[in-house]
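What follows is one structure encoded as structure tokens, with my remarks underneath.
The values are calculated or read from the model by the stated rules, or taken from the named source; none is laboratory data. Only a predicted model underlies this, so the values are computations on that prediction, with no experimental measurement involved. Don't worry about glycine lacking a Cβ; one is built from the backbone with ideal geometry, like all the others, and counts go over all protein chains shown. SASA here: full protein model, heavy atoms, side chains in, ligands and nucleic acids out. Shrake-Rupley method; radii C 1.70, N 1.55, O 1.52, S 1.80 Å.
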Amino acid sequence: MSGPGLNDFVIKIGTVNGTGSASANGLLMKSIFRMGIPVVGKNVFPSNIQGLPTWYEIRVSGDGHAGRSGEVHMMVAMNQATYDQDLAELATGGVLLYDSTWPRPQLENRPDVTVIGVPLMKMCNEVVKAARSRILMKNMAYVGAVAALVDIDLAVIRSLIEETFAAKAKLIDSNMVAVKLGYDYVKSHYDCPLRFRVAALDKTKGKVMIDGNTAASLGCVYAGATFGAWYPITPSTSLMDGFVKYCKKLRVHEESGKNKFCIIQAEDELAAAGLIIGAAWNGARAFTPTSGPGISLMSEWIGFAYYTEIPVVFFDIQRTGPSTGMPTRTQQCDIQTTAYASHGDTKHIVLYPSDPNECFDFAVRSFDLAERFQTPVFFLSDIDLGMNDWMVDELTWDDNYVPDRGKVVTKDDLDKMESFSRYLDVDGDHIPYRSLPGTDPKGAYFLRGSGHNAHARYTELGHEYQEIVDRLLAKWESAKTAVPAPIVQKAAGSTRYGMIAIGTSDAAATEARTRLEADGMPVDYMRVRAFPFTDEVEAFIADHEEVFVVEQNRDAQLLNLLLTETNAAREKLIPVLHYSGEPLNYRFVCDALMKRIKLRKIA
């Protein structure tokens with residue numbers, strides 16, 4: 001198992017929501033990244049605005065692992081209300097750092113951990129006049145204390161502070177004073193650095209720290225999306241915030257100053273879905289970001305877009321349900337919903353990005369697939385991917401990219417036709433031609449969610465209805481060859497065991513596979529990246545005696561989708577289910593697979 005050691009450990013900071021600790025925690029993580037050491041941050045925060053406990057977890061991994069470790073080696077306990085919980089979470093041999101302005105002898109109750117007290121508030125009170133600033137400076141003081149303990153370069157910290165406060169120079173020195181308070185106290189009272197610490201590497205060159213929602217919003221801009229409508233909901237709001245930011249930067253006419261985009265905050269999710277359908281029907285690339293509860297509200301419109309074949313993109317950033325659930329915690333709970341959203345016989349194209357780089361890429365692909373197949377496409381992310389910073393390769397773009405607008409008839413095309421039938425499969429590929437409103441009277445048709453035939457005329461004749469819905473199913477099945485293919489990590493030798501995961505389960509699954517192989521338990525791993533499932537998925541299951549399906553929900557939604565949509569035997573698929581609301585860690589996956597494999601060996 002992992003750590004702690006050189007460039008291999010986990011720091012967790014426990015604070016009170018609303019005390020301004022996010023900047024300090026981000027500074028710690030970025031400082032380590034700037035030293036060339038791979039790092040990843042996970043924010044666990046409450047859904048209220050202020051006052052409840054919040055944690056930020058930083059995993060330092062010289063080997064570049066992107067998932068959680070499952071252990072905590074240093075706890076920076078800044079919330080008295082969670083001292084007991086924070087102490088209990090520390091691994092044996094760990095270190096607890098707390099504000100000893102108010103001594104807590106009970107923290108000495110665990111002889112297997114080291115407790116370090118630093119009078120952070122007392123020191124800040126002595127040098128900072130404004131009460132509000134004292135709390136903020138205390139945050140910077142614990143940054144300094146941690147820097148001394150794990151050997152973070154103070155010059156790197158200073159450079160980041162200078163970048164942050166470039167427009168407010170007087171804050172640079174005051175923040176550095178606070179950092180030095182914590183740093184110098186620890187240096188003079190404790191042996192530094194600890195046995196687990198950082199040492200500069202060269203492994204972050206060409207990498208960036210970015211969250212998935214920001215990357216996806218940039219992907220929308222590069223894909224040519226010009227219309228977005230949404231109703232705010234955590235954790236998807238920041239995706240639209242990013243789209244607004246990048247449109248203002250990249251989508252304003254240079255000479256006239258007019259916007260070349262339209263963004264509407266709707267009165268609810270229903271309205272948002274209707275707005276994007278109207279925009280897409282008129283030829284715009286249109287999308288809405290939301291979460292599971294929003295998808296539920298949008299379901300009637302989703303069915304309408306599916307049946308009328310309007311190309312729209314739904315970004316579903318999943319959070320813990322059911323109902324309001326834990327809205328700031330992560331889960332993969334909309335796998336089934338997005339596959340079949342709405343009533344009647346509906347099946348959708350769904351993409352499963354696993355990191356911000358894929359968020360950028362899959363955002364672009366979502367629009368291309370939606371227009372090529374004239375259907376709603378779901379981009380299924382989650383709060384872990386959407387709102388946490390991940391270290392990925394720098395985003396790249398092909399300037400030769402041409403959007404796939406699908407089969408759209410022009411006025412010239414219509415002039416050459418004797419007649420136009422909106423839902424007629426002319427080419428035998430299950431995809432009809434579409435016209436855009438206003439192109440030509442010959443291309444006009446009545447857009448209806450009720451029964452219609454291949455000529456877009458109203459019908460309740462069974463055979464005409466079946467002709468349309470059968471074609472829709474065939475069209476969806478044909479998307480198998482167009483969606484992103486799965487990625488397979490093969491064991492060094494042959495193995496009877498396989499593992500399947502999607503989205504943010506990938507980081508933990510990948511690390512677990514590597515560690516299990518090192519322990520003599522080889523497992524092949526397939527990351528599925530889209531629905532409908534490609535033929536490779538069924539072949540992978542067929543090639544293994546047992547396949548572990550790793551996912552982050554209670555009801556094995558991915559496993560059941562595999563059973564429904566492939567010929568896999570139920571007894572072959574073994575569920576590995578994680579649904580605490582915290583991001584999956586590799587230890588959980590390792591433990592589940594080891595237990596099963598050892599039982600199999602005994603049997």
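Descriptive notes on the structure:
- Pick from the range 287-345, criterion of a type in the set (S, T, Y) and within 23 Å of V576 (Cβ to Cβ), ranking: surrounded by the fewest Cβ atoms within 10 Å (Cβ to Cβ): T337
- Which numbered condition T226 misses (of (1) open to solvent by 30 Å² or more (accessible area, probe 1.4 Å); (2) among the hydroxyl-bearing types (S, T, Y); (3) within 19 Å of the chain's Cα centre (by Cα)): (3)
- The residues on offer are E358, E371, E418, and the sole one that is among the acidic types (D, E) and over 26 Å from the mean Cα position of the chain (by Cα) is E418.
- Yes/no for Q85 being in a helix (DSSP H, G or I), within 31 Å of the chain's Cα centre (by Cα), among the polar types (S, T, N, Q) and exposed (fewer than 15 other Cβ atoms within 10 Å of the Cβ): yes
- Among (1) assigned to a loop (DSSP other than H, G, I, E, B); (2) within 35 Å of the chain's Cα centre (by Cα), the one test that C192 misses: (2)
- When the range 22-36 is filtered for residues that are open to solvent by 40 Å² or more (accessible area, probe 1.4 Å) and either assigned to a loop (DSSP other than H, G, I, E, B) or out of contact with any strand residue (DSSP E or B) (no Cβ under 8 Å at 6 or more places or on another chain) (or both), the ones remaining, listed by number, are S23, R34.
Rundown of residues vs (1) within 22 Å of D151 (Cβ to Cβ); (2) touching a strand residue (DSSP E or B) at 6+ places or on another chain (Cβ under 7 Å); (3) among the aliphatic types (A, V, I, L, M), yes/no style:
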{"site": "P4", "(1), (2), (3)": "yes, yes, no"}
{"site": "G20", "(1), (2), (3)": "no, no, no"}
{"site": "G62", "(1), (2), (3)": "yes, yes, no"}
{"site": "S69", "(1), (2), (3)": "yes, yes, no"}
{"site": "M78", "(1), (2), (3)": "yes, yes, yes"}
{"site": "Y83", "(1), (2), (3)": "no, yes, no"}
{"site": "G93", "(1), (2), (3)": "yes, no, no"}
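- Residue check, G18 on the phi > 0 side of the Ramachandran plot and not in a helix (DSSP H, G or I): yes
- Residues within the range 89-113 that are under 38 Å from the mean Cα position of the chain (by Cα) and open to solvent by 70 Å² or more (accessible area, probe 1.4 Å), tallied: 1
- Matching residues, the range 105-152, being outside any helix (DSSP H, G or I), of a type in the set (A, V, I, L, M, F, W, C) and within 25 Å of I58 (Cα to Cα): V113, V115, I116, V118, I152
- Residue match in the range 365-384 (condition: open to solvent by 10 Å² or more (accessible area, probe 1.4 Å), more than 25 Å from K407 (Cα to Cα) and small (G, A, S)): no
- Exclusive hit being hydroxyl-bearing (S, T, Y) and loosely packed, with under 15 Cβ neighbours inside 10 Å, set T439, T410: T410
- Meets criteria (farther than 19 Å from A501 by Cα, modelled with pLDDT under 95 and open to solvent by 30 Å² or more (accessible area, probe 1.4 Å)) for E418: yes
- Residue within the range 37-54 that is modelled with pLDDT of 95 or more and open to solvent by 30 Å² or more (accessible area, probe 1.4 Å) present: no
- Condition check for V127: closer than 25 Å to G94 by Cα and hydrophobic (A, V, I, L, M, F, W, C): no
- Just one of the listed residues (E254, E269, E300) is at pLDDT 95 or above, of a type outside the set (S, T, Y) and over 23 Å from the mean Cα position of the chain (by Cα), and it is E300.
- Members of the range 163-180 that are among the aliphatic types (A, V, I, L, M) and either more than 16 Å from G144 (Cβ to Cβ) or in contact with a Lys or Arg (Cβ under 9 Å, 6 or more places away or on another chain) (or both): A166, A167, A169, I172, M176, A178, V179
- Taking the conditions (1) modelled with pLDDT under 95; (2) over 22 Å from K138 (Cα atoms) in turn, F165 satisfies each one other than (2).
- Number of residues in the range 262-301 that are touching a residue at least 60 places away in the same chain (Cβ under 8 Å) and more than 24 Å from L218 (Cα to Cα): the value is 1.
- Some residue of the range 65-78 being out of contact with any helix residue (DSSP H, G or I) (no Cβ under 9 Å at 6 or more places or on another chain) and surrounded by fewer than 23 Cβ atoms within 10 Å (Cβ to Cβ): no
- Test: residue in the range 96-104 that is at negative phi, part of a helix (DSSP H, G or I) and at pLDDT 95 or above: no
- Some residue of the range 239-261 being under 20 Å from P327 (Cα atoms), free of Cβ contacts under 8 Å to residues at least 60 places away in the same chain and open to solvent by 50 Å² or more (accessible area, probe 1.4 Å): yes
- The single residue among V177, V198 that is assigned to a helix (DSSP H, G or I) and either of a type outside the set (S, T, Y) or open to solvent by less than 10 Å² (accessible area, probe 1.4 Å) (or both) turns out to be V177.
- Put simply, of K170, K205 the only residue that is out of contact with any helix residue (DSSP H, G or I) (no Cβ under 9 Å at 6 or more places or on another chain), among the basic types (K, R), surrounded by fewer than 19 Cβ atoms within 10 Å (Cβ to Cβ) and under 27 Å from P4 (Cβ atoms) is K205.
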